[in-house]
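See below for the structure under consideration.
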Amino acid sequence: MAKVFDFDVYQPKEIAKRVETTGVTKARLPMLSMAVLGILAGAFIGLGALYFVLIKSDQSLGFALSQVLGGVAFSLGLILVVIAGAELFTGNNLIVMAWADRKVSTANLLRNWLVVFVSNFAGAIGLAYLVFKSGHWEMNDGAIKDEYIKIAAAKCALPFWQAFFRAVLCNLLVCLAIWMAIAGRSVFDKVVAIVFPISAFVAAGFEHCVANMYFIPMGMFLMSVDPSAASLHAEINGAGLVRNMIPVILGNLTGGSVLVGLVYYLIYLRKSPESQEG
């Protein structure tokens, strides 16, 4: 009977070591592999966002139910990143643990973040264009289109500090999801570890820079087929995208690198002065 409750997972100190080892591997990836895996991650997160909007477009659902179900659907994105394999900028904020332990140079850390960020953007906007051309947004009598525009408008109009703090909370949860997924030994373990933190950040309306690389361009594409929306939501444009991206990137970096990566480094990996003397 005891075995039923004996979960075969890695313990937190073991997770920290695995995260550090993975960070070293990620930082040393060849440029082409890093870029292609980054493109895949951007597309994967976009697929999760697509699934989220499909649920949100159903007006028969109450607010809380649509947020929670949409969050569970959005979890598809990180499940694909973790299980299928891809390089996600927000998750790679955890490389800071290997950097703090001097196993990854500052140059390699910044190289990974820059290449993966740009590649995520390419994958997300590329998927947005494919979805736009597919006519998927016409489903549910155009309610999906309306939901995309509503989401994009809200993100482009979000005040700087609100966007920043929502982004901090978002990547705190994303990196905790990855941390717990690394604790799992099976696909099932990893999926369960991912769903709750990711659905929580989505349901709470927090800000994820890679998801926004899909949502806002999708809104921009759809403005071209809806002149009335274009006149009502002039904020959905390139400038609006940049206004959203700056605080969200900074917030995601703070939440993932500092509140998860550096905190766990201090707890489990930092060598005490006594051990250094020995």
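Legend: calculated FRET efficiency, Lys13 to Val36, from the Cβ-Cβ distance at R0 = 35 Å, rounded to 0.05, equals 0.60.
The 3J(HN,Hα) values that the Karplus relation (6.51, -1.76, 1.60; θ = phi - 60°) gives for the stretch 18-28 are, in residue order, 5, 4, 5, 4, 5, x, 4, 4, 4, 5, 9 Hz. Gly and Pro appear as x.
Extension gain, Ala84 to Ser224: 0.36 nm times the residue separation minus the Cα-Cα distance gives 47.0 nm. Taken along the Cα-to-beta-carbon direction at a fixed 7 Å, the label points for Leu65 and Val242 span 4.3 nm.
Thinking of the chain as a set of Cα atoms, what percent of all their pairs are more than 34 Å apart?
Percent of Cα pairs beyond 34 Å in the chain: 20.
Helix 31-56 axis versus longest C-alpha principal axis of the chain: approximately 50°, rounded to the nearest ten. To the nearest ten degrees, helix 143-156 and the longest principal axis of the Cα atoms of the chain are 60 degrees apart. Relative to the longest principal axis of the Cα atoms of the chain, the long axis of helix 238-253 lies at roughly 20 degrees. Using a cut-off of 20 Å between Cα atoms, the listed pairs Lys155/Lys190; Lys13/Lys190; Lys190/Lys271; Lys13/Lys103; Lys133/Lys155; Lys103/Lys271 include Lys155/Lys190; Lys190/Lys271; Lys133/Lys155 as exceeding that distance.
Dipole size of the chain about its Cα centre, with +1 on Lys/Arg Cβ and -1 on Asp/Glu Cβ: approximately 660 debye, rounded to the nearest 20.
Readers should treat all values here as calculations from the given coordinates under stated rules, not as data from a laboratory. The structure displayed is predicted, hence computed values, not measured ones. Neighbour counts are summed over all protein chains in view; Cβ atoms, including those assigned to glycine, are modelled from backbone coordinates with ideal geometry.
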